[in-house]
Amino acid sequence: MRVMAGVRRNLPALVAWAAVAVVAFQFPTPVRAVLVVVASAWAPGAALVWLLESADRLERAVLTVAVSLGVATLVAVVLSLFHVMTGLHALAVLAVLSTVAVTFRELRV
Amino acid sequence: MKAVVARLVGRDRALVTERSYLRGVIPRRVVQCLTPTRRAGGGLTTATATLAPRSRRATVRPGSWRGWLGLAVIAALWGSTFAWTVRLDRMTDFGLVSVMPVVYWVAVGLLTVSFWWWVRWRRAGPALLAGHVVTLIAIMHATPGILYGTTRYSWSYKHVGIVDYIVTHHGVDRAMPNLTAYQDWPGFFGLNALFASGSGTASALSYTVWAPFVNELLLLAPLVLILRTFTANRTVVWTAVWLFYLGNWIGQDYFSPQAFAYVLYITAVAVVLRWFLRLPPAARTRWAYGQFRLREPAVLVTSGGAIVEPTARPRTPAMYAVVVVVATAIAVSHQLTPFMLVAALGGLLVTRRLRSWSLFVVVTAISVGWVLIWGLPFLHQQLPAVLQTLGHPFDNTSASFINLSVASRDQVVVAYFDRALTAALCGLALIGAWYAWRSARWRRWQPAACLTVTPVLALFASSYGTEVVFRVFLFELPFVALFAASVLAPRPTGTRRRRIIRWVVGLGVVSALTVSFFFSYYGKERVNYMPAAEVSAMERLYSLAPPRSLMIEATDNTPWAFTHYADYQYLRYLSGTADVAKAVTTHPVSALVHLMEGYPHAYLIFSPTDAAQIEMTGALAPGQYQAIERDVRSSPQFETVLSQGGVFVVTLRFTP
C-alpha cells in the first residue's frame, strides 16, 4: 500500500523518465507518442500542481495542462535558441524539472 | 481529528473553512431569507437546505441515463456518416454543407434538441451536458479531418514546415527570409518539434489532421472555469459554452500558433478571474445586509459545492507564477495574443477589479520585452504598415471583409450567414448586458463586460493583415456568449405555458445559430480541403526539385512548404505587387517567364485548390486562371514536370 502511494506521488517524474527512456531506446512510434504527449502535457504540471492549493478538480486539471504546456513550450524555446532542440533533450529537461518538483514536495511533506 | 489538525497547522489555520462558513455563509443566508422579497416558506426552505448536512442523494441525476442513451444514438448516427460516400469532389462554394448526407444533419438536429432539453434542468449532471458539448465539438471539428484524411487549410502545411525545420536543424534561424515571424516567435513550433521528434514521426503532418478538434476541446475546461466565475447557474454556464462553440466560426483552430496561444489566453484569463478578481467592498457589505433585491447570490460556487467570495480566495505566489509562465508561453508563441492579455489585465486594472497591479506590469514587461529583444527585426519590417493603420479603426474593420461584389454567389450567401451569426450573438449579448446592468448581477458581471470591450482596442492598433475584426470577435466571444446565454437560457420560473414558450423560442434561436455556424464554418471548405492526391503530388515535387529552386503559384492556397521549406523560395503572383498580377493576367507567358528566368530552377504550379480560391474570392475574372494555364501548357517555353492528382507543374524549357 505504501509502495503504491509512493508510486502515485512520484508518478509525474516516473512518466517523464519513462518517456526519456522510450525515446532514447527508439521504441515503436505509438508507445513513444503516447508517453511523449503525457510527459510534456501532463507530467510537469502534475508535479507542480500541489503547490497551487486548489481543491476543485476542474481547476486542478486546467492548471495541470496549462502549466505543463507552458513549461514544455519554454523549455523547447530555450533549447531552440541554443540550437540543441531535440525531443530527447527537451524530455530530459522536463523529467529533471518534474523530479525536482516531486522531490521538493516529498521534502516539504 | 480536529485537535490533531489544530496541533499540526496551528490554531490560526485550523478549521478555517468551518469558521468562515459559520461567520460568513450562514449569516448571509439568514439575511437573504429575511429580506421582504422572499416568501417566508421559500426562506425557510433555503435556510433549512443551507443548514442541513449535505446529502449525497442530492447529487443523483434522475433520468440522466436517458440523456446518455440519446447521446449514444446521436454519436452512432454521426459515426454512420462515414459509412456513406461523401463526394468531396462535388463540393460547391457552400463547402461541406453541399455534400454532407442527411444522416449527418439529423445527428446535428437531434443533438441540438437533446442539449436544449437537458440544459433546462438545473439538476442535469454536468457530465451529461459536457458529453453533449464534446459530441458537438466532434461533429463540427473532427468530421472534416476524418472525411479528408489530410490536414485542412494551406497555412497548416507552412506551420508544419517550421516544425520540420526545428526538428532538422535543432533550432531557429532569425536570418531566414521566408516566414520570418515564425522564427522570432518559435514557442508553438518548438513544442510541436518536441512532440514530433520525441514520438519519432516523420512529420507533424501525421497528427495535424486532429488539430481543430484538439484545440477546440482544450478550450472547454478553462471556458467552464471562466463562466463559473460569474454565475453558479448551471443552465447559463452550459448554454454559454454551447453558444461559444456555435459562435466560433472564424476558423482559427487549425494547426497554428494563434490557436495554441488562444487556449493559453483563455486559461490565463480563467486564473486571473478566479484568483485575482476583486468585488467592490462597499457593494459586498450592502449585499450582505440585503439592501439590494438580489436575484442570485454574489458568491462563487466551486464544483465541490463550497461557497466562497472571490475576494476571500488567497492570491498565492504559485498562482502568480502560473499566470507568468502561461503569459511567457503566449509571448514566445504569437504576436497578437500577448497584447490581448495585456489589454484584458489593463482593463480589469483600470476598472479596479484586478487585485494585483504588479501582475499587469509583469505580463506587460514580458510581452513587450520579447518583442524588443527577439522580435525587433520583424517589428522594424512591419512598422510602416502598423503606423499606416494605427488609429484607423473603421478602415481596419472594413479591410477585414471580403469584397462581395466579386465573390461567387454562394460565397455571398456564406458571408451573409457569418455576418448574421455574429450580429445575432452580439445583439443577444447587448440585451444580456442591459439586463445585467439593471440588476444586482452587474457588480459581478462587470469584469465580463470589461473583457468584452478590451479586445476592441486592437481595432485601433492595426488591421493585422486584414483579419483584426475576426480576432477581436474571437477574444470577446467567451463573454459575448455569457451575456447572450443569460438572455437565451431556459428558466425554471414562470407559468408552465411561459416556460414552454421560452424553451421553444430558445430552441428556435439556437437552431438558427447552428445553421448559420455550419454555413459560416463549412462554407469555406472548398478552399480549405487539401485532397490527398494534391498533397502527394507536392511531396513528389519536393523530391524532384533541387534546393534553392523557386516555387511559383497564383495565391498560396496549395499544400506546400511543409518540408525543407528553408531550401526553396516561394512566389505568389496574384498576392504580390499589383504590377506583377497585372502583367501575368495580361501577358501570362512572357510575364511568368520573366519571373522564373532569374532562378536556376523554377517550378510553376497549377492546382485545383488554388483555382478554387481564385474562383471563390473573385481574385481573377471567371475562366481567367484556366486561360493562363492553357497558355502555359501550349507554350513551347515550358515543359511539364509533373501532372498528378489535378496538380500541373511546369518549368522553363531552357533554363539559363
- Calculate how many DSSP beta bridges within segment B:531-652 are antiparallel, expressed in % of all such bridges and rounded to the nearest 5. 60
- Query: Where the centre of each part is set by its Cα atoms, how far does segment B:179-252 sit from segment B:348-374, in angstrom?
  - Reply: 23
- How about segment B:582-656: which trypsin sites (Lys or Arg not before Pro) there lie in a loop by DSSP and see at most 12 other Cβ atoms within 10 Å? B:Arg653
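Working from the pairwise distances between different alpha carbons, so that the mean of 1/r is found and then inverted, what is chain A's Kirkwood radius in Å? Mind dumping the intermediate values first?
Details: mean 1/r = 0.0705 Å⁻¹.
Evaluated on chain A, it is 14.2 Å.
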- Message: With just the Cα atoms defining each centre, how far is segment A:67-109 from segment B:95-135? Give it in Å.
- Response: 40
- Message: How large are Rg and Dmax for segment A:1-52 when calculated on the C-alpha trace, in angstrom?
- Response: 12.1, 36
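Using Stokes-Einstein with the Kirkwood hydrodynamic radius over Cα pairs, what translational diffusion coefficient do you get for segment B:357-495 at 4 °C and a viscosity of 1.567 mPa s, in µm²/s rounded to a whole number? Intermediate results must be reported in sequence, preceding the final value.
Working: Rh = 17.8 Å.
The Stokes-Einstein estimate is 73 µm²/s.
Using Cβ contacts closer than 10 Å as the measure, can you line up B:Arg228, B:Arg540, B:Arg498 from fewest to most?
On the way: B:Arg228 24, B:Arg540 16, B:Arg498 11.
Listing B:Arg228, B:Arg540, B:Arg498 from fewest to most nearby Cβ atoms yields B:Arg498, B:Arg540, B:Arg228.
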- Reduced to Cα centres, the span from segment B:429-495 to segment B:583-656 in Å works out to 47
- chymotrypsin sites (Phe, Trp or Tyr not before Pro) lying in DSSP loop within segment B:445-492, provided at most 12 other Cβ fall within 10 Å: none
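Given the Cα-Cα distance of B:Asp579 and B:Ala423 and 0.36 nm per residue of separation, how much length would full extension add, in nm? Walk me through the intermediate numbers first.
Numbers: separation 156, 0.36 × 156 = 56.16 nm, distance 3.78 nm.
Gain on stretching B:Asp579 to B:Ala423: 52.4 nm.
Any read-out appearing in this document is the output of simple, stated calculations on the displayed coordinates, not a laboratory observation. Note that the coordinates shown come from a computational prediction; the quantities given were computed from them, not determined experimentally. Please note: Cβ atoms are built from the backbone with ideal geometry, for glycine as well, and neighbour counts cover all protein chains shown.
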